[in-house]
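For reference, the structure discussed in these notes is given below.
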Amino acid sequence: MNKHTAALPYNLRRSSRAKNTRIVVTADKIEVVAPLKVSERRIQAFVHAQKDWIEAALKRVVGRIQTAAPRLAPSEYRDGVHIPYQSHRLPLKITTTKAKTVRIELLNDEIFWVKLPTGIADEQHSPLIQQALTRWMKNQAKQHVQELVDLHAPRFALFPRSIRIKTQKSRWGSCGPKNDINMNWLLLLAPPAVLEYVVVHELCHIKHKNHSPAFWQLVAEHLPDFKQHRLWLKQYGASVMQGL
Ligand SMILES: [Zn+2]
């Protein structure tokens with residue numbers, strides 16, 4: 001349910017457990033939690049009286065998100081912008097071609113070379129390049145993840161039943177009950193050692209379906225300095241999650 005004061009739309013939630021009316025501000029909403037008996041008029045008056053506090057709290061949460069997670073990708077994909085890849089920023093070079101589809105090539109690990117079919121409308125360039133880059137990255141992720149699995153799985157016989165590359169906005173990887181591993185291709189924007197850590201993490205879930213000390217011990221057997229990679233994800237993961 002949405003109630004409105006002059007400036008601040010908020011959701012009202014009635015709670016039998018609430019003793020007082022309180023306001024919870026998150027990045028996407030203002031929620032007012034009120035005991036069952038309090039009248040809506042009193043709630044509105046309460047929210048109105050707290051207006052300055054609410055606005056300050058909103059600024060704080062929104063500001064925190066913006067400053068904590070700058071976008072790595074360019075706002076538009078055109079000649080000369082930089083593309084995040086394995087924690088580097090590589091320049092994008094665009095040429096035209098007679099081929100029918102957009103082709104991406106990574107030249108000497110230094111330049112993303114885009115071959116764009118002639119005759120495509122200008123405003124289509126950026127979205128088409130973004131799509132092609134995403135396809136290219138997913139494909140790369142598949143190869144890199146497979147190589148890392150081949151490297152680490154034999155040591156303690158941690159063989160997944162399947163490996164899938166996914167686009168996920170909230171997790172880096174997962175290991176299902178039947179040992180099917182999902183990996184987020186966005187990890188290709190992070191340092192290679194971080195991708196390796198997540199692969200190892202999911203492989204270790206084949207043996208331990210939890211985060212017990214024994215699980216972390218097994219991770220450390222593969223990667224003694226895994227903690228720094230986990231820390232990297234905590235610090236910069238939100239930016240990587242914003243994707244291309
Ligand atoms: Zn885990």
message = Quick check on this structure: which one of Glu196, Glu221, Glu202 is out of contact with any strand residue (DSSP E or B) (no Cβ under 7 Å at 6 or more places or on another chain), among the acidic types (Asp, Glu), surrounded by 15 or more Cβ atoms within 10 Å (Cβ to Cβ) and over 30 Å from Ser75 (Cβ atoms)?
response = Glu196
query = Counting only residues that are in contact (Cβ under 8 Å) with a residue 40 or more places away in the chain and farther than 30 Å from Lys115 by Cβ, how many does region 132-150 have?
reply = 1
ask   = Taking region 79-101 only, how many residues are modelled with pLDDT of 95 or more, at negative phi and part of a loop (DSSP other than H, G, I, E, B)?
value = 2
inquiry  = Return the residues of region 75-86 that are surrounded by 17 or more Cβ atoms within 10 Å (Cβ to Cβ), within 13 Å of Gln130 (Cβ to Cβ) and in contact with a helix residue (DSSP H, G or I) (Cβ under 9 Å, 6 or more places away or on another chain); say none if nothing qualifies.
reply    = Tyr77, Ile83, Pro84
remark   = In region 174-195, anything farther than 15 Å from Trp232 by Cβ and touching a helix residue (DSSP H, G or I) at 6+ places or on another chain (Cβ under 6 Å) is listed as Cys175, Asn179, Ile181, Met183, Trp185
Filter pass, Trp172 being in contact with a His (Cβ under 9 Å, 6 or more places away or on another chain) and at pLDDT 95 or above = yes
message = Any residue at all in region 87-97 that's under 14 Å from Thr134 (Cβ atoms) and within 23 Å of the chain's Cα centre (by Cα)?
response = yes
key: Of all residues making up region 3-19, the number that are of a type in the set (A, V, I, L, M) and either modelled with pLDDT of 90 or more or over 11 Å from Lys51 (Cα atoms) (or both)   = 2
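The values are calculated or read from the model by the stated rules, or taken from the named source; none is laboratory data. Being a predicted model, the structure only gives us computed values, none of them experimental. Methodologically, a virtual Cβ is constructed for each residue, glycine included, from the backbone with ideal geometry; neighbour enumeration extends over all protein chains shown.
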